[in-house]
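Data block below; observations after.
Nothing in this text is a laboratory measurement; each read-out follows from the coordinates by a stated rule. Quick caveat, the model's predicted, so the values are computed rather than measured. Cβ sites come from the backbone with ideal geometry, for glycine too, and all protein chains shown count toward neighbours.
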Amino acid sequence: MTLRDARERRVRTGGVELCVAELGDPEQPTVVLVHGYPDSKEVWSEVAARLADRFHVVLYDVRGHGRSTAPRPLRGGFTLAKLTDDFLAVVDAVSPDRPVHLVGHDWGSVQAWEFVTVARTEGRIASFTSISGPSLDHFGHWIGARVKRPTPRRVGQLLGQGAKSWYVYLLHTPVLPELAWRGPLGKRWPKMLERVERVPGGDYPTGSLPSDAAHGAWLYRDNVRARLRRPRPDAYAHAPVQLITPQGDAFLSERLYDDLDRWVPQLTRRTLPARHWVPRTRPDQVAAWIEEFVTSVAGGRPAPAATGRHADRFAGQLVLVTGAGSGIGRATAFAFAEAGARVIAVDRDAEAAARTAELARLAGAAGAWSEPADVSDEQAMEKLAEKVHHEHGVLDVLVNNAGIGLSGSFFATTADDWRKVLDVNLWGVIHGCRLFGARMAERGQGGHIVNIASAAAYQPSRALPAYSTSKAAVLMLSECLRAELASQGIGVTAVCPGFVNTDITSTARFTGVDEAEQERRRQRSARLYGLRNYPPEKVATAVLDAVIGNKAVVPVTPEARAARLLSRVAPGLLRRIARVEPRL
Ligand code: NAD
């Protein structure tokens, strides 16, 4: 179903006529989508089409936008009180008997915050999903609190948001914005959206853009200064709220929502790697979250605030982990699953990957799939990337974890041994970064790549020349890629664990010795790792924290941290330790 199939009606209110479109079965719960600035209801067309199977979807052009008429005079015609009148008039027309589920983006969300926090709409709103548009009252209090107690961090937050609000100051100047929008800016805007925000072209924005933008300047002039100066003291939400925050929003800082729990008794937080225009760039994810939230509220169930740690950050995100059939990879897949992510478990051991996916589902994943693939096989990885992109879309997080161990002196390591370890440990990571990272970059909405290196990457050792070289290469690859992708909002992290109790010891190879000796060494190192007993779950936690904090290099385990420190302050000492022959 598309907006072209929509039923249209006109609703008169306060001297204007609003153009209202409806999709889907009116018997189903009603979802009202409110657009922002400079937009018209068409910004929602992709999301509306995805929701129309399950819900009665209602969109309207805000006064002065799209095919709704503008108030005369314009000045004073866009106050939040009048916008609330409009909303109530639309709701009276489309859902007179049942409260609606409200969704707002940008200024649609700013005004919807007003709707959900004033008394006269009580009982008319069942839930509110807010995307990229804060309550002006909450914003006013946020500023007030920081001005009153200006710690360096809080001043930084104020300055950060102040810099992102440059366009708000411009919109307060008289006439200029109107001239710009009706002139060159209006013409160039669609291309700018495509280039800067990576909004796909097509039937959006519509031809009404210049006049939408010119009229909409009054949204700012009629409300912003007055509200920020005198925010209402009682702007409490009277319906459950789902807050969706794009991490790469050029106009709003994530910190703006730090104090939100104070105003919203039932708050569900969602974050996604994306820029500002998520209704256009991430319609699948946005529609899925709206559906999940509305369904839970309509069904009387508690809001789906996923239970796991970091659910606010990863719920619904698409995460692929290689080497997910065992050890660190499996634990990482579970940690993302517990946070409500959609998880793709990849391993050359198909059964082990399938088991991880099965358990991930039980752990709370929003979806879990397994894919058998050998990361060192370029063609297999190409096929895997094609399949994943086709069936699930672009990854939000990629964890290149698959790796193998190899121990033995340099001269005991054959060319074939070198090839095997580099093929998996280095080329596996290169294939993953190339094939999945390219699509992440092309999407232009950000994301994160985690490469599991090792403390061996910066700690030389006479016993692990090939393994350490492969991991040092992964560390440097991660650093280079991080530099290259920073401007696209894609983070890259190298995680460097020390000794972690996994199966790696039982599969690692020891060169230059016969089978029996090799088996003996495996067993002995497995025993030593067992005694050290550092659980892979702790590495998984570090992986999630690294993504959230966008960290560059993360040593995990005390010995890995100590070696990292030594490599900086006393590399000579580390070199001497490297000469010690380990007794296995
Ligand atoms: P593990 O042996 O328990 O798990 C590795 C998984 O990767 C296995 O399921 C295996 O089937 C899979 N795998 C191996 N080669 C593959 C390939 N070519 N294609 C697809 N899958 C493949 O080992 P682990 O300890 O969990 O190791 C995970 C990563 O952590 C590795 O990169 C390893 O080098 C690194 N690491 C481990 C330790 C440690 O002490 N365990 C320390 C530092 C770094």
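Tabulated data
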{"read-out": "Globularity ratio of the range 311-578, using Cα Rg and 2.2 N^0.38 Å", "value": "0.96"}
{"read-out": "5 angstrom amide H check on A126, placed H, neighbours 5+ away", "value": "V100, H101, L102"}
{"read-out": "Packing-based ranking, highest mean first, of 92-103, 26-37, 196-207 given that Cβ atoms within 10 Å are counted", "value": "26-37, 92-103, 196-207"}
{"read-out": "Hydrodynamic radius by Kirkwood, which averages 1/r over all alpha carbon pairs of the range 128-231, in angstrom", "value": "15.8"}
{"read-out": "Span per principal axis, largest first, for the Cα atoms of the range 3-298 (Å)", "value": "53, 45, 36"}
{"read-out": "Per-residue Cβ neighbour rank within 10 angstrom, fewest leading, E515, E386, E559, E371", "value": "E515, E386, E559, E371"}
{"read-out": "Rounded to the nearest 20 debye, dipole of the chain from Cβ charges on Lys, Arg, Asp, Glu", "value": "2280"}
{"read-out": "FRET E, pair V513, V569, Förster distance 35 Å, beta-carbon r, rounded to 0.05", "value": "0.45"}
{"read-out": "E114, E378, E391 arranged by Cβ crowding within 10 Å, fewest neighbours leading", "value": "E391, E378, E114"}
{"read-out": "Inter-probe distance in nm under a simple model that places probes 7 Å from Cα toward Cβ, at A380 and R225", "value": "6.6"}
{"read-out": "Listed pairs K148/K191; K164/K471; K187/K387; K191/K471; K187/K551; K164/K187 exceeding 31 Å between Cα atoms", "value": "K148/K191; K164/K471; K187/K387; K191/K471; K187/K551"}
{"read-out": "Geometric extent, Cα atoms of the range 427-584 - Rg, Dmax (angstrom)", "value": "17.0, 53"}
{"read-out": "Summed side-chain charge close to P205 - residues other than P205 whose Cβ falls under 12 Å, Lys, Arg +1, Asp, Glu -1", "value": "-1"}
{"read-out": "Ranked T505, T268, T541, criterion: other C-beta atoms within 10 Å, fewest first", "value": "T541, T505, T268"}
{"read-out": "Amide H contacts under 5 Å for T245, placed H, 5+ residues apart", "value": "R270, T271, L272"}
{"read-out": "For the range 1-143, projected area of the alpha-carbon convex hull averaged over all directions, nm²", "value": "8.2"}
{"read-out": "Backbone HN-Hα couplings from phi across the range 540-552 [Karplus 6.51/-1.76/1.60, Hz, Gly and Pro as x]", "value": "4, 4, 5, 5, 5, 4, 5, 5, 4, x, 6, 8, 7"}
{"read-out": "Length released on extending from T2 to H392, taking residue separation times 0.36 nm less the Cα-Cα span", "value": "138.2 nm"}
{"read-out": "Whole-Å semi-axes of the range 60-131's equivalent ellipsoid (Cα gyration tensor)", "value": "20, 13, 12"}
{"read-out": "Estimated FRET transfer efficiency (V196, E442; beta-carbon r; R0 22 Å; 0.05)", "value": "0.90"}
{"read-out": "Span per principal axis, largest first, for the Cα atoms of the range 158-203 (Å)", "value": "36, 26, 13"}
{"read-out": "Scaled radius of gyration (Cα, divided by 2.2 N^0.38 Å) that the chain gives", "value": "1.10"}
{"read-out": "Charge dipole (the range 538-583, unit charges on Cβ, about Cα centre) - positive-most of T541, A578, P555", "value": "A578"}
